[in-house]
1. Out of the DSSP beta bridges found with both residues in the chain, what percent are antiparallel (nearest 5)?
2. Show me the ranking of peptides 51-63, 211-223 by mean Cβ neighbours inside 10 Å, starting with the highest.
3. Kindly work out what percent of the DSSP beta bridges joining two residues of the stretch 143-292 are antiparallel, to the nearest 5.
4. Under 1.5 on a/c is rounded, so check that first for the stretch 269-351, then, if it is not, pick prolate when a/b is larger than b/c and oblate when it is not; a ≥ b ≥ c are the square roots of the alpha carbon gyration tensor eigenvalues.
5. Using only DSSP helix segments of four residues or longer, with each worth -39500 (n - 2.57), what per-residue ellipticity at 222 nm results for the chain after dividing by its residue count and rounding to 500?
6. Identify which of 279, 48, 339 has the largest mean-square fluctuation in a Gaussian network model of the chain, with springs joining Cα atoms closer than 10 Å.
7. Taking the alpha-carbon centroid of each part, what is the distance from the stretch 267-331 to the stretch 70-108 in angstrom?
8. Is the stretch 122-236 rounded, prolate or oblate when judged by the Cα gyration tensor, a ≥ b ≥ c being the square roots of its eigenvalues, rounded requiring a/c under 1.5 and prolate requiring a/b larger than b/c?
Ligand code: PMP
């Protein structure tokens with residue numbers, strides 16, 4: 001070992017899903033939206049003047065925080081934006097999980113949480129989901145340095161009742177509780193109304209799924225102005241200009257078109273519910289997803305076998321070779337045509 005190597009911060013990084021290239025493949029592996037962003041986004045992109053790129057962007061990202069504040073009926077000082085919700089959650093870990101006591105998140109959840117905890121040297125405990133993959137609220141009544149979980153959870157797709165979430169927050173008013181609502185728009189009940197009652201609640205959402213803009217990298221947090229202020233202080237101590245000018249302009253455009261947003265969501269929800277029916281007929285079972293993906297196992301054929309067979313057909317889904325997850329496939333809901341191609345292949349395979 002070279003002497004300077006002892007000072008290197010060693011981390012085991014998060015591994016995102018593959019981004020395979022090719023025009024004939026069907027990509028159902030990273031929970032992207034199969035439909036394009038709102039038409040206004042394309043228009044704004046065409047009209048964008050490159051001279052604007054000469055200048056630094058607005059460090060407060062006001063165009064975007066303003067559009068989000070209007071949309072959700074909250075104050076602009078209650079909104080924080082970042083480079084995807086990954087950036088927002090990472091900043092929030094750094095800002096709020098600063099106790100000697102362990103933070104809590106489920107054993108089966110978004111696999112980035114333990115990576116941030118390790119990176120920032122935050123102690124953590126991971127209460128196990130029950131056998132039906134549900135979060136047990138009582139596990140979060142123990143002493144802790146903060147709490148985070150997604151609702152609906154990933155990769156299970158299961159939603160937790162808002163009343164249960166409120167019980168967790170009520171038991172934990174001396175720490176920050178973060179709800180990662182990356183998939184909430186696909187039919188779940190948001191915890192946003194609870195913000196009026198709980199100053200320690202931070203809700204995080206993203207443009208990557210329901211707003212079809214994963215490539216733009218926009219995420220946001222909504223919470224009490226004191227929480228948002230603390231997030232800004234940490235952000236400005238690290239990088240003032242996280243949000244580039246195109247993100248600010250195009251993100252604000254996307255938020256304006258509520259009709260398109262609702263139409264796209266309804267199409268995906270309809271396809272998801274139809275997919276549930278035919279997948280059950282083919283012998284698959286899965287938790288009852290409220291997201292844009294299903295976490296499915298087959299009654300006979302191991303998930304890894306199906307995963308490899310699909311890959312050969314250029315149909316990409318996500319497989320996690322991890323305890324409790326390694327007999328399931330996480331399948332993103334695509335267009336009706338994409339799901340028909342998947343169905344056609346699976347029908348032949350399970351026969
Ligand atoms: N939270 C959850 C639960 C997710 O599945 C994802 C997607 N990988 C994210 C956050 C981050 O998404 P993004 O950074 O694209 O907003």
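Rule-based calculations on the coordinates, nothing more; no lab input. Treat the numbers as computed from the prediction; the structure is a model and nothing was measured. All Cβ positions, even for glycine, are placed from backbone atoms using ideal geometry, and neighbour counts span all protein chains on display.
1. 55
2. Per-residue mean Cβ counts within 10 Å order the peptides as 211-223, 51-63.
3. If I count the DSSP bridges inside the stretch 143-292, around 40 percent turn out antiparallel.
4. Cα axes put the stretch 269-351 in the rounded bin.
5. -11000 deg cm²/dmol
6. 48
7. 30
8. Since a/c reaches 1.5 but b/c is at least a/b, the shape of the stretch 122-236 is classed as oblate.
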